[in-house]
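Chemist: Before we start, here is the structure in question, set down as structure tokens.
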Amino acid sequence: METIVTKEEPPIEWIVLNRPDKLNSINSIMIREIGDILRQIVDNDKIKVVIFTGSGKAFSAGADISQFKDLDPVKAWEFAIKGRELMDYIERYPKPTIAMINGYALGGGLELALSCDLRIASQIAELGLPEINLGIYPGFGGTQRLVRLIGKGRAMEIIMLGDIIKADYAERIGLVNRVVEPSSLEKEVRELALKLAEKPQIAIRLIKTVVNYGNDAPILSGLTLESLGWGIAFATEEEKKRVNEFLSRRSK
Ligand SMILES: CC(C)(COP(=O)(O)OP(=O)(O)OC[C@H]1O[C@@H](n2cnc3c(N)ncnc32)[C@H](O)[C@@H]1OP(=O)(O)O)[C@@H](O)C(=O)NCCC(=O)NCCSC(=O)CCO
């Protein structure tokens, strides 16, 4: 791998964006390499949670702008599709994903974090979608995912102004789940990942399916998906074990 470093630490897989001298900006190679590692570990039952982070002072400063000079409109369109398809894959990935935002999360970097299930940021992290300042706009799913996450008004402000915002404000508007001190970021994220890894994995997968596909559908379709998935959860060993444990504790 040229642009990322991976570390298997069961039940956690760490994916570290690793172009620190370019603030981990996302080029075509990185898009391919992240997809490749995710496909490699998808059937590895020892890995239950995936954590994304960046090396150095950034999570990622977005798409690699140095590639833009070679892009004609069709190539730009294809690049956006490649980036966006990776984010779609991360969002619908069958294992839970966490973005550990250690520093700048801008443009495509923030869009990667938006594709994850949870975002935990360091107090020193700075976030934003500054694409407008390049005469473009977010192309890796940000226009859609940010609106769904924090609402249209706030998303419009972030996308149209392109300002960089502090982690505390990001937490207040629901853009990140939690903000922690830089020195405890890794510890807190690891603890969160281990807690997630203890949960019934099929139910977690069902939640991801129902929430992600259900929220993109009319509400009645989403609710129907919820009921179907709920039924499927009753076919799992975990459901039987956990319900029986609860009931036997009560009957003593
Ligand atoms: C993040 C900023 C504000 C950091 O500024 P600073 O600390 O001053 O660091 P720099 O000297 O600017 O950057 C160090 C080094 O990294 C290169 N770099 C930074 N961001 C990118 C990038 N997105 N693509 C390519 N290269 C990048 C920078 O050129 C420096 O390399 P040198 O070899 O030393 O020149 C600041 O870096 C910044 O504003 N970055 C751009 C943020 C941005 O506009 N992101 C959106 C990109 S478009 C996109 O994501 C489309 C998908 O929706």
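The values are calculated or read from the model by the stated rules, or taken from the named source; none is laboratory data. None of the values given here were measured: they were computed from a predicted structure. Every residue, glycine as well, gets a Cβ built from its backbone with ideal geometry; the counts of neighbours run over all protein chains shown.
Chemist: Please work out which residue is farthest from the chain's Cα centre (by Cα), limiting yourself to segment 137-177 and to residues that are of a type in the set (Ser, Thr, Tyr) and either over 13 Å from LEU106 (Cα atoms) or away from the ligand (no atom under 16 Å from the Cβ) (or both).
Modeler: At the first step, the residues of segment 137-177 found to be of a type in the set (Ser, Thr, Tyr) are 137, 143, 169.
Applying the additional criterion that residues be either over 13 Å from LEU106 (Cα atoms) or away from the ligand (no atom under 16 Å from the Cβ) (or both) yields 143, 169.
Details: THR143: 15, TYR169: 19 Å.
It comes out as TYR169.
Chemist: Answer yes or no as to whether ARG148 is part of a helix (DSSP H, G or I) and more than 16 Å from LEU23 (Cα to Cα).
Modeler: Here the answer is yes, as ARG148 does meet what is asked.
Chemist: Restricting attention to segment 112-158, which residues are among the acidic types (Asp, Glu) and either at pLDDT below 95 or out of contact with any strand residue (DSSP E or B) (no Cβ under 9 Å at 6 or more places or on another chain) (or both)?
Modeler: Passing the criteria: only GLU157.
Chemist: Looking only at segment 153-162, decide whether some residue is part of a loop (DSSP other than H, G, I, E, B) and either basic (Lys, Arg) or touching a helix residue (DSSP H, G or I) at 6+ places or on another chain (Cβ under 8 Å) (or both).
Modeler: Among the residues of segment 153-162, at least one is part of a loop (DSSP other than H, G, I, E, B) and either basic (Lys, Arg) or touching a helix residue (DSSP H, G or I) at 6+ places or on another chain (Cβ under 8 Å) (or both), which makes the answer yes.
Chemist: Test each condition in (1) more than 11 Å from the ligand (Cβ to nearest atom); (2) surrounded by fewer than 22 Cβ atoms within 10 Å (Cβ to Cβ) for ALA121 and report the one that comes out false.
Modeler: (2)
Chemist: What is the number of the single condition among (1) in contact with an Asp or Glu (Cβ under 7 Å, 6 or more places away or on another chain); (2) within 16 Å of the ligand (Cβ to nearest atom) that ILE47 does not meet?
Modeler: Exception for ILE47: condition (2).
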